[in-house]
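The values are calculated or read from the model by the stated rules, or taken from the named source; none is laboratory data. No experiment lies behind these values; they were computed from the predicted model shown. Backbone-built Cβ (ideal geometry, glycine too); neighbour counts: all protein chains shown. Surface accessibility is based on the protein's heavy atoms, side chains included, excluding ligands, DNA and RNA. Shrake-Rupley method; radii C 1.70, N 1.55, O 1.52, S 1.80 Å.
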Amino acid sequence: YRHRDAQGNWRDAGRVLSGKGLARFPRVAVRGDDVWVVWEEDTVHIPHRPVINLRHSTDGGATWQSTQTLRSLEGRAEHPDIAITAAGKPFVVWQEIQSAQPFDVMALEVGTDTQPRNLSRAGKTVDAGTADDTRSPLYPASVLPSVAVAADGRIAVTWQDNRTDKDPLWTGAATYGDGTDPDDWQIQVAVRNPAGTWAAPVEIGTNDRADFHPDVAFGSGGELVVAWDSKEMRSSGRNLSVRAAVSNDGGATFAAPTVLGADAVTMSQRARLGVDSNGSV
């Protein structure tokens, strides 16, 4: 962790926040002098068992409290993201997988929740398949979550999800041949209202495109913006384009996507959203 002040000066040479494991994918959230950093860390290596770790500083990063492990399981917890709630608590999301389970998106309000909430499992069809057909299992994946918090207390989480694909994860079947490549990934968005109630996830995208790597942000006017990269359902010869959609009803519905970055000879992908000083996304 390194901190730069408003005059552009770096405070020090940096501080190591992680342990001795393989630490990856850090995310940082700041409110005043409070700083939280979340990351995944794998101390086992073989088999891989990454956990979700969190550290907190109350003085802008000069000193740090002990590492808090938010999730450790007989599986993998990966790719965290973090935002600070209106009440000043860190809200952390990640993807995880266990034996005989699909990848799911989990959410935890630190200091409030005793257990993480599974945001993506409802509505999934999971099938272990048959022993004589290695392409028969169905484990729809929900991965790469991103989280944002509004000033009024709403929380939005978005991720990419392939549950609408005929055979998730490119499996194919003897009756119709190879599976889709890429999968029919779509963007899902779940919103929690200020009272703490989650609405059912809303899907953005169409079945003729694969949509990946979403990010999410609230504007000061209450609008909810999601951006992602999108590709025609062909394995090669088609470039990714960046798209965005806006909801003005709290995430219940979204306007038709707008293409932000598309070029016949250029890949546009992995957009990140921020909020300007006037509150615009």
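Taking the criterion of being touching a Ser or Thr at 6+ places or on another chain (Cβ under 9 Å), modelled with pLDDT of 95 or more and hydroxyl-bearing (S, T, Y), the residues of the stretch 35-79 that qualify are S57, T67. Those strands (runs of 3 or more DSSP E) of the stretch 198-244 in which at least 1 residues are touching a strand residue (DSSP E or B) at 6+ places or on another chain (Cβ under 7 Å) and of a type in the set (K, R), considering only elements entirely within it, cover 209-218, 224-232.
Does the stretch 45-54 contain any residue that is free of Cβ contacts under 8 Å to residues at least 12 places away in the same chain, under 29 Å from D161 (Cβ atoms) and part of a loop (DSSP other than H, G, I, E, B)? Taking every residue of the stretch 45-54 in turn, at least one turns out to be free of Cβ contacts under 8 Å to residues at least 12 places away in the same chain, under 29 Å from D161 (Cβ atoms) and part of a loop (DSSP other than H, G, I, E, B).
If only residues of the stretch 167-197 that are more than 17 Å from the chain's Cα centre (by Cα) and assigned to a strand (DSSP E or B) are counted, the one that is surrounded by the most Cβ atoms within 10 Å (Cβ to Cβ) is A173.
R163 meets all of the listed conditions (1) farther than 30 Å from D276 by Cα; (2) open to solvent by 70 Å² or more (accessible area, probe 1.4 Å) but one, namely (2). Quick check, is V35 of a type in the set (A, V, I, L, M), under 24 Å from the mean Cα position of the chain (by Cα), surrounded by 14 or more Cβ atoms within 10 Å (Cβ to Cβ) and within 18 Å of A83 (Cβ to Cβ)? When the stated conditions are applied, V35 passes them.
Identify, please: which residue in the stretch 138-160 is part of a loop (DSSP other than H, G, I, E, B) and open to solvent by less than 40 Å² (accessible area, probe 1.4 Å) and is, among those, nearest to G251 (Cα to Cα)? Across the stretch 138-160, the extreme among qualifying residues is R154. Quick check, is R135 in a loop (DSSP other than H, G, I, E, B), open to solvent by 30 Å² or more (accessible area, probe 1.4 Å), basic (K, R) and touching a residue at least 24 places away in the same chain (Cβ under 8 Å)? Taking the combined requirement at face value, the residue satisfies it. Residues of the stretch 259-278 that are surrounded by 13 or more Cβ atoms within 10 Å (Cβ to Cβ), in a loop (DSSP other than H, G, I, E, B) and either touching a residue at least 60 places away in the same chain (Cβ under 8 Å) or not polar (S, T, N, Q) (or both): A262, M267, R270, A271, L273, V275. Mind listing just one residue for me: the one in the stretch 71-110 that is part of a loop (DSSP other than H, G, I, E, B) and in contact with a Pro (Cβ under 8 Å, 6 or more places away or on another chain) and, of those, nearest to Y139 (Cα to Cα)? Checked the stretch 71-110; the qualifying residue nearest to Y139 (Cα to Cα) is P102. Of the residues examined, E223 is one that is farther than 30 Å from D127 by Cβ, open to solvent by 30 Å² or more (accessible area, probe 1.4 Å) and in contact (Cβ under 8 Å) with a residue 24 or more places away in the chain.
Do the conditions hold for S241, that is, is it open to solvent by less than 20 Å² (accessible area, probe 1.4 Å), modelled with pLDDT under 95 and under 25 Å from Q95 (Cα atoms)? So S241 passes the test.
Evaluation of A122 against the conditions (1) in contact (Cβ under 8 Å) with a residue 60 or more places away in the chain; (2) crowded, with 21+ Cβ neighbours inside 10 Å shows that the sole unmet condition is (2). Filtered by the rule that a residue be over 13 Å from G60 (Cβ atoms) and part of a strand (DSSP E or B), the stretch 11-28 gives L22, A23, R24, F25, P26, R27. The set of residues from the stretch 84-107 being within 20 Å of P194 (Cβ to Cβ), aliphatic (A, V, I, L, M) and surrounded by fewer than 23 Cβ atoms within 10 Å (Cβ to Cβ) comprises I84, A86, A87, A107.
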